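Worksheet for the structure shown next.
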Amino acid sequence: MKRENVEAYIRTIPDFPEEGIMFRDITTVLQDEDGLRMAVDQLSELVKDIDFDLIVGLESRGFIFGVPMAYKLGKGFIPVRKKGKLPAETVSAKYDLEYGQAEIEIHKDAIKPGQKVVIVDDLIATGGTCEATCKLIEELGGEVVKICFLIELCGLNGREKLSKYDVASLIQYPGK
């Protein structure tokens, strides 16, 4: 049954992975042909009037939305992956997690100097992974012209970490 907006396809699971967290499950968007089409179409609308060359998707759910957007818009797609997953020469960036650090990588030849890039991911929480991705793109000489998320958890203030960029999200939830 077709619903009126993408948010109507998102399932909220209380107290997962721990008490007090409202987990926003996107698998219910993905498993429904109307929900998936609506999500990809609306994310694509966010960038249709922007001059850009490539879409960068963050592992792994950024791949889910970024690849069909790139196909629909006639652009290339670049994956940003966890350390050790890309086969050719890479550049990497570390970012902070709640307990410790993580590291992401991009192929060194993925972005040419001067290319304009749109970043896509399913969710922005604290913004750390996306901030590290912006640093990688800029290290390679690319320009981040837009960052798009399906969901924004406003209570975690990730947008503040990305304040120098044009950030858009389709759905905003006030908490974390």
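The values are calculated or read from the model by the stated rules, or taken from the named source; none is laboratory data. This is a predicted model, so every value here is computed, not measured. Neighbour counts are summed over all protein chains in view; Cβ atoms, including those assigned to glycine, are modelled from backbone coordinates with ideal geometry. We work out accessible area using only protein heavy atoms, side chains counted, and drop any ligands, DNA or RNA first. Shrake-Rupley method; radii C 1.70, N 1.55, O 1.52, S 1.80 Å.
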Legend entry - Heavy-atom surface of the chain, accessible at 1.4 Å and reported per residue (Å²): 53
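Using r as the Cβ-Cβ distance of GLN172 and VAL91, and R0 as 25 Å, what FRET efficiency do you calculate, to the nearest 0.05?
0.20
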Legend entry - Surface share of carbon and sulfur [accessible, 1.4 angstrom probe, percent] for the chain: 48
Legend entry - Extension gain (nm, one decimal) between GLU18 and ASP109, 0.36 nm per residue minus Cα-Cα: 28.7 nm
Legend entry - Mean Cβ count within 10 Å, highest first, over the residues of peptides 88-101, 112-125, 150-163, 22-35: 112-125, 150-163, 22-35, 88-101
Legend entry - DSSP beta bridge pairing in segment 15-111, given as percent antiparallel to the nearest 5: 65
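Please label the shape of segment 1-123 as rounded, prolate or oblate, based on the square roots a ≥ b ≥ c of the eigenvalues of the alpha-carbon gyration tensor (a/c under 1.5 means rounded; beyond that, a/b larger than b/c means prolate, else oblate).
Verdict is oblate for segment 1-123.
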Legend entry - PHE16 accessible area, 1.4 Å probe, all protein chains in place, Å² to nearest 10: 100
